[in-house]
Amino acid sequence: MTETQNARASELVASRVLDVPDFPKPGIVFKDLMPLFADGPVFRQVIDEIVAYHGPESFDVVAGVEARGFVVAAAIAYATGKGVVPVRKAGKLPRKTHSASYELEYGEATLEVHEDAFVAGQRVLVVDDVLATGGTAGAALELVERAGGTIAGFTVLMELGFLDGRQRLAPRTVHALLTV
Ligand code: AMP
């Protein structure tokens, strides 16, 4: 990806995010990306930027983290003709799962993925909307590997740099369209 493409992607995300103070708890500034999802041309450009960054041949399937990650994952999967695998919150998947618990910027949670979600060695692009402390991403990446997938990349639309999620995930690399 060129510098120009990078700048364009950052600007697109920055232009369609709303800061919601004190949601869902006092002191948290929630980054609401619903305006980006709701804007067809911008959403398409953002998805195209992610696909261009990784290259459509670099992954076999896309995993999205519940719930906003599903929106991004499904769009990338459709755009590239790949499948999509949901990484879900506890108790939602109907068959045998792997599960991982972690701490959030605001609370605690458990994520799950079906044990048979991936063919062994399948290259998985993992996506979510926002990277905060990195707990969610760490759990999602761990689950993909426990279910037999190989991590092809991890992308978020927006990274909250001051929470050091990227450092927490090292040596894994994080691709963020916008870092604030
Ligand atoms: P974390 O595990 O702390 O990196 O949190 C990332 C997950 O929580 C992602 O699935 C985000 O959708 C959500 N999240 C955490 N903090 C925020 C925030 N300030 N604004 C929007 N979403 C957030």
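Read the figures in this text as sums done on the coordinates, not as results from a lab. Being a predicted model, the structure only gives us computed values, none of them experimental. All Cβ positions, glycine included, derive from the backbone under ideal geometry; neighbour counts span all protein chains shown.
Overview of values
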{"quantity": "Full-stretch length increase - ALA120, ALA170 - with 0.36 nm per residue and alpha-carbon distance subtracted", "calculated": "15.6 nm"}
{"quantity": "Sequence ranges 125-135, 163-173, 65-75, ranked by mean other-Cβ count within 10 angstrom, highest first", "calculated": "125-135, 65-75, 163-173"}
{"quantity": "Too-long pairs where the Cα-Cα distance tops 28 Å, listed order kept, from LYS31/LYS92; LYS25/LYS89; LYS31/LYS96", "calculated": "LYS31/LYS96"}
{"quantity": "For the chain, with +1 on Lys and Arg beta carbons and -1 on Asp and Glu, the positive-most of LEU33, LEU18, LEU143 along the dipole", "calculated": "LEU143"}
{"quantity": "Total charge dipole magnitude, the chain, about the Cα centre, Cβ charges on Lys, Arg, Asp, Glu only, Debye to nearest 20", "calculated": "360 debye"}
{"quantity": "Region 12-53 and region 72-116: distance between their alpha carbon centers, rounded to Å", "calculated": "20 Å"}
{"quantity": "Separation of the ALA67 and ALA79 label points, Cα + 7 Å toward Cβ, nm", "calculated": "2.3 nm"}
{"quantity": "GNM flexibility winner over the chain from ILE50, ILE28, ILE76 (Cα, springs under 10 Å)", "calculated": "ILE28"}
{"quantity": "Estimated distance in nm for a label pair at ASN6 and LYS96, the labels positioned 7 Å out from Cα along Cα-to-Cβ", "calculated": "4.5 nm"}
